[in-house]
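Colleague: This is the structure I want to talk about, given as structure tokens.
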Amino acid sequence: VQLQASGGGWVQAGGSLRLSCVASVSTFTTNYMGWYRQAPGEQREMVAHIDSVGTTNYADFVKGRFTISRGIAKNTVYLQMNSLKPEDTAVYYCLARRGYSDYWGQGTMVTVSS
């Protein structure tokens, strides 16, 4: 499984960005797709994920601000990020879990200025 993440960039606090993750397989053949992030000097942490039947789960620090969804194209997952805060600054990675294996995309940088 290959993943291509995009959509990162620079935005002011309160702004929005939408990240996209294009997979080389249908997302419906995965256990779940997720977004993780890693800030400088910090460990990678889960942001949100969506399973094959559409059940979503969010980290507490993004609830009410971020939304994960699957695109009409069955191999795409999005992360809509609203009300961004400077502490959301990180490299965001797309994850696909298929069976017992995890596959990671290359990451896309999100920078939120105050």
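The values are calculated or read from the model by the stated rules, or taken from the named source; none is laboratory data. Every value quoted in this text rests on a predicted model; they were computed, and no experiment measured them. Reconstructed Cβ throughout: ideal geometry from the backbone, glycine too, with neighbour counts over all protein chains shown. For accessibility, only protein heavy atoms count, side chains too; no ligands or nucleic acids. Shrake-Rupley method; radii C 1.70, N 1.55, O 1.52, S 1.80 Å.
Colleague: Part of a strand (DSSP E or B), aliphatic (A, V, I, L, M) and more than 16 Å from LEU17 (Cβ to Cβ): is that true of ALA48 in this structure?
Modeller: No, not satisfied.
Colleague: Of the conditions (1) open to solvent by 70 Å² or more (accessible area, probe 1.4 Å); (2) outside any loop (DSSP other than H, G, I, E, B), SER20 clears all except one; give me its number.
Modeller: Every listed condition holds for SER20 apart from (1).
Colleague: A further question follows. Do we have TYR78 as open to solvent by less than 70 Å² (accessible area, probe 1.4 Å) and touching a residue at least 24 places away in the same chain (Cβ under 8 Å) here?
Modeller: Against the criterion (open to solvent by less than 70 Å² (accessible area, probe 1.4 Å) and touching a residue at least 24 places away in the same chain (Cβ under 8 Å)), TYR78 qualifies.
Colleague: Within region 85-98, does at least one residue satisfy the condition of being part of a strand (DSSP E or B) and exposed (fewer than 13 other Cβ atoms within 10 Å of the Cβ)?
Modeller: Looking through region 85-98, none of the residues is part of a strand (DSSP E or B) and exposed (fewer than 13 other Cβ atoms within 10 Å of the Cβ).
Colleague: Taking only pairs six or more apart or across chains, which ones have beta-carbon atoms under 8 Å, a first residue in region 92-114 that is of a type in the set (Gly, Ala, Ser), and a second residue that is in a loop (DSSP other than H, G, I, E, B) and at pLDDT 95 or above?
Modeller: Between residues of region 92-114 that are of a type in the set (Gly, Ala, Ser) and residues that are in a loop (DSSP other than H, G, I, E, B) and at pLDDT 95 or above, the close pairs are SER113/ALA13; SER114/ALA13.
Colleague: Regarding region 56-70, can at least one residue be identified that is part of a loop (DSSP other than H, G, I, E, B), touching a Leu at 6+ places or on another chain (Cβ under 8 Å) and free of Cβ contacts under 8 Å to residues at least 24 places away in the same chain?
Modeller: yes
Colleague: Of GLN38, GLN43, which residue is open to solvent by 40 Å² or more (accessible area, probe 1.4 Å), touching a residue at least 24 places away in the same chain (Cβ under 8 Å) and either in contact with a Ser or Thr (Cβ under 9 Å, 6 or more places away or on another chain) or farther than 10 Å from LEU95 by Cα (or both)?
Modeller: GLN38
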